[in-house]
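The values are calculated or read from the model by the stated rules, or taken from the named source; none is laboratory data. On a predicted model such as this, the values are computed, not experimentally measured, just so you know. Please note: Cβ atoms are built from the backbone with ideal geometry, for glycine as well, and neighbour counts cover all protein chains shown.
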Amino acid sequence: MLINPEVTVAFRCLECGRLTFDSTTPFKLVKEHGVMFPCECGRSTVTINITEKMQYSITVPCIACGEYHTYTLDKRIWREPLNILTCPKSGYKVCFLGKEQPVLRAIEDYDVELDKALMDLNFDDYFKNDEVMYEAINKLHEIAERGNLYCTCGNDNIDVLLKPEGIELLCKKCHARGFIYAGSIKDLRSIARLNTIVLNDPILCTNKRPEKEGG
Ligand SMILES: [Zn+2]
Ligand SMILES: [Zn+2]
Ligand SMILES: [Zn+2]
């Protein structure tokens, strides 16, 4: 029986948003007592360590909340074709681990899903950042479905306008406005934290654009 003991790791950088795709073997991991997968930019990394109980402790940067999350997995990481690690706060998929093909497919599926959604919207090349916009639209749907999108005037029929930089919200009844920035990886963190959107409420003020990119 031929066994391919390689495990492939894919994650998105917390700082630059780039996708890192790398692999290792259990032998290397044991020999070196751990392994790191740094992003090309050098500013974030996935780390896998072996614990005393012979489990694997995996630390992953999360672009949704701007922090690192640690997961403990057992030997199944070598067996399972695909493990998806998600952010405990936002549910965002932060790391794909497993055999090369299923990991590649999972990332492709995600991209196809994204392309399809944007094609349906007919907004080719319109948004500043397609991926962040896609997350923002999903999040907005989720919030609206739970009945958590409304205006302080009592109206819950809010107009949604997609702009290159984000989503504009408008109450037709009292003309209150709100804006969800969705133009950069940093905006994704604010989006992940949103639970309720109330127009005319200070909560949207917490979703102001953070300091300038790259500066
Ligand atoms: Zn990076
Ligand atoms: Zn997170
Ligand atoms: Zn209103």
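With a cut-off of at least 1 residues that are within 16 Å of ligand 1 (Cβ to nearest atom), name the strands (runs of 3 or more DSSP E) lying wholly within the stretch 10-103.
Strands (runs of 3 or more DSSP E) meeting the threshold: 19-24, 34-38, 45-50, 56-62, 67-73, 93-98.
Yes/no per residue for (1) of a type in the set (A, V, I, L, M); (2) away from ligand 3 (no atom under 16 Å from the Cβ); (3) surrounded by 19 or more Cβ atoms within 10 Å (Cβ to Cβ); (4) closer than 27 Å to residue 189 by Cβ:
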| position | (1), (2), (3), (4) |
| --- | --- |
| 18 | no, yes, no, yes |
| 38 | no, yes, no, yes |
| 47 | no, yes, no, yes |
| 57 | no, yes, no, yes |
| 62 | no, yes, yes, yes |
| 84 | yes, yes, no, yes |
| 98 | no, yes, yes, yes |
Test: residue in the stretch 192-206 that is away from ligand 3 (no atom under 16 Å from the Cβ), small (Gly, Ala, Ser) and at pLDDT below 85: yes
Test for residue 39: is it touching a Phe, Trp or Tyr at 6+ places or on another chain (Cβ under 9 Å) and not assigned by TED's automatic domain parsing to the domain that holds residue 185: yes
Selected residue (criterion: modelled with the highest pLDDT) from residues of the stretch 157-177 that are more than 22 Å from the chain's Cα centre (by Cα) and closer than 17 Å to residue 194 by Cα: 169
Close pairs from the stretch 64-90: first at pLDDT below 80, partner in a loop (DSSP other than H, G, I, E, B) and within 16 Å of ligand 1 (Cβ to nearest atom), Cβ under 9 Å, at least 6 apart: 90/64
Residue count, the stretch 15-67 (criterion: within 26 Å of residue 133 (Cα to Cα), out of contact with any helix residue (DSSP H, G or I) (no Cβ under 8 Å at 6 or more places or on another chain) and among the aliphatic types (A, V, I, L, M)): 2
Flag for residue 46 being within 16 Å of ligand 2 (Cβ to nearest atom), of a type in the set (A, V, I, L, M) and under 13 Å from residue 97 (Cα atoms): yes
The stretch 150-172 residues that are touching a residue at least 60 places away in the same chain (Cβ under 8 Å), paired with ones that are of a type in the set (Phe, Trp, Tyr) and surrounded by fewer than 20 Cβ atoms within 10 Å (Cβ to Cβ) (beta carbon under 7 Å, 6 or more apart): none
